[in-house]
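The values are calculated or read from the model by the stated rules, or taken from the named source; none is laboratory data. Everything numeric here is computed off the predicted structure, so don't read it as measured data. Don't worry about glycine lacking a Cβ; one is built from the backbone with ideal geometry, like all the others, and counts go over all protein chains shown. Remember, those area values only see protein heavy atoms, side chains included, never the ligands or the DNA or RNA. Shrake-Rupley method; radii C 1.70, N 1.55, O 1.52, S 1.80 Å.
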Amino acid sequence: MKAIVYTQHGLPIDDPKALAEIDLPMPLAGPHDLLVEVRAVSVNPVDTKIRRGVAVTEPRVLGWDASGIVRAVGSEVTLFAPGDEVFYAGDLTRPGSNSEYQTVDERIVGRKPASLGFAEAAALPLTSITAWELLFDRLRVEEHGGAGKSLLVIGAGGGVGSILVQLARTLTGLTIIGTASRDVTRDWVRELGAHHTVDHTQPLQPQLKALGFDNVDIVISLTHTDQHFAQIVEVLAPQGQLALIDDPATLDVVPLKRKSISLHWELMFTRSMYQTADMVAQHHLLNRVAGMIEAGTLKSTLSEHAGALNAENLRRVHALIESGRAHGKIVLEYE
């Protein structure tokens, strides 16, 4: 099968060797695995971080968002059958989705929303799982709860923010304030359901006060947490909650003590990496997302279709992700 790989970490993305197409053996499905014919993928910041920073001794396939068709199943598979259309984010410890075929554990796979094409569906899994786990597993917001409380989402126009704002607006009573610094992202965040927007390139507290918020109850920081950390502590209410997903080099949590602020970290790969007892929760939540898409209460966060899935187009998308100017999700599709 054809696959797009990197063989040397740290190469600039304009180097043709940064991502290149090669032939690899067809993967074999393990007992709990699906063999999926990949039809579309989307690109996430994790792809670029690993390509830049993780050394390899053999070609590595990136990509942790896909939709496709099940072509074979392992001996212990019970949730899917050949011919089923699926979507999933996959497992950080296994080969990714930038290939014609991929094996993936059925317990972290959902049925593809019937109302979406493969490209639109591929934009959803990683960000949906991350956003869902942030709200309901890490912060323990109750579904249809949160009335009277406020949520500030830093980086609300990105991939995770785009689905998180929708989930929070649809499934909770939280008042949602999203940060965005450009007109296009402000409009995007409001369209997705944020009640208010503020500019994260400007001091946050005066903007929040102008909106009538002396402080906020919850902050979800999706990017540049280290740059915003002092302001986050400033605007959080006593006994507030802070959740994050990014990777600051260091994080001094001592300032959280005075306000008894709790800290929550989310990595959607934890369940698959550690084969946790509740790993199948990701199957169930992806099916919930599929149902909400079909009901029209959520929409795909696809913002750009970047064409055919090939090395040249994938390098171009990595470059856009690295620029920090992407909003929503960018997808590529096998023709």
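Here are the numbers:
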| item | result |
| --- | --- |
| Residue pairs meeting the criteria (Cβ under 9 Å; at least 6 apart or on separate chains; first in contact (Cβ under 8 Å) with a residue 60 or more places away in the chain and open to solvent by less than 10 Å² (accessible area, probe 1.4 Å), in the range 93-105; second of a type in the set (S, T, N, Q) and part of a loop (DSSP other than H, G, I, E, B)) | VAL104/SER97 |
| The range 98-112: number of residues that are within 17 Å of the chain's Cα centre (by Cα) and either outside any strand (DSSP E or B) or over 17 Å from THR276 (Cβ atoms) (or both) | 4 |
| Residues (among the basic types (Lys, Arg) and closer than 29 Å to SER67 by Cα) located in the range 141-182 | ARG169 |
| Failed item, numbered, when ASP33 is tested on (1) closer than 25 Å to GLU335 by Cβ; (2) touching a Ser or Thr at 6+ places or on another chain (Cβ under 8 Å) | (1) |
| The range 46-65, subset touching a helix residue (DSSP H, G or I) at 6+ places or on another chain (Cβ under 6 Å) and surrounded by 21 or more Cβ atoms within 10 Å (Cβ to Cβ), residue farthest from LYS17 (Cα to Cα) | ASP65 |
| Scan of the range 1-41 for residues that are among the β-branched types (Val, Ile, Thr) and in contact with an Asp or Glu (Cβ under 7 Å, 6 or more places away or on another chain), ordered by number | ILE4, ILE13, VAL38, VAL41 |
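For (1) in a helix (DSSP H, G or I); (2) out of contact with any helix residue (DSSP H, G or I) (no Cβ under 9 Å at 6 or more places or on another chain); (3) free of Cβ contacts under 8 Å to residues at least 40 places away in the same chain; (4) open to solvent by 10 Å² or more (accessible area, probe 1.4 Å), each residue gets a yes or a no:
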site: ALA131; (1), (2), (3), (4): yes, no, yes, no
site: VAL153; (1), (2), (3), (4): no, no, no, no
site: ALA156; (1), (2), (3), (4): no, no, no, no
site: LEU164; (1), (2), (3), (4): yes, no, no, no
site: THR170; (1), (2), (3), (4): yes, no, no, yes
site: ILE177; (1), (2), (3), (4): no, no, yes, no
site: GLU191; (1), (2), (3), (4): yes, yes, yes, yes
site: LYS209; (1), (2), (3), (4): yes, yes, yes, yes
site: ASP214; (1), (2), (3), (4): no, no, yes, yes
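Results for (1) part of a strand (DSSP E or B); (2) touching a helix residue (DSSP H, G or I) at 6+ places or on another chain (Cβ under 8 Å); (3) more than 30 Å from ILE13 (Cβ to Cβ), shown as yes or no for each residue.
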| site | (1), (2), (3) |
| --- | --- |
| GLN239 | yes, no, yes |
| SER260 | no, no, yes |
| GLN275 | no, no, yes |
| ASP278 | no, yes, yes |
| HIS284 | no, no, yes |
| ASN287 | no, no, yes |
| ALA306 | yes, yes, no |
| GLU312 | no, no, no |
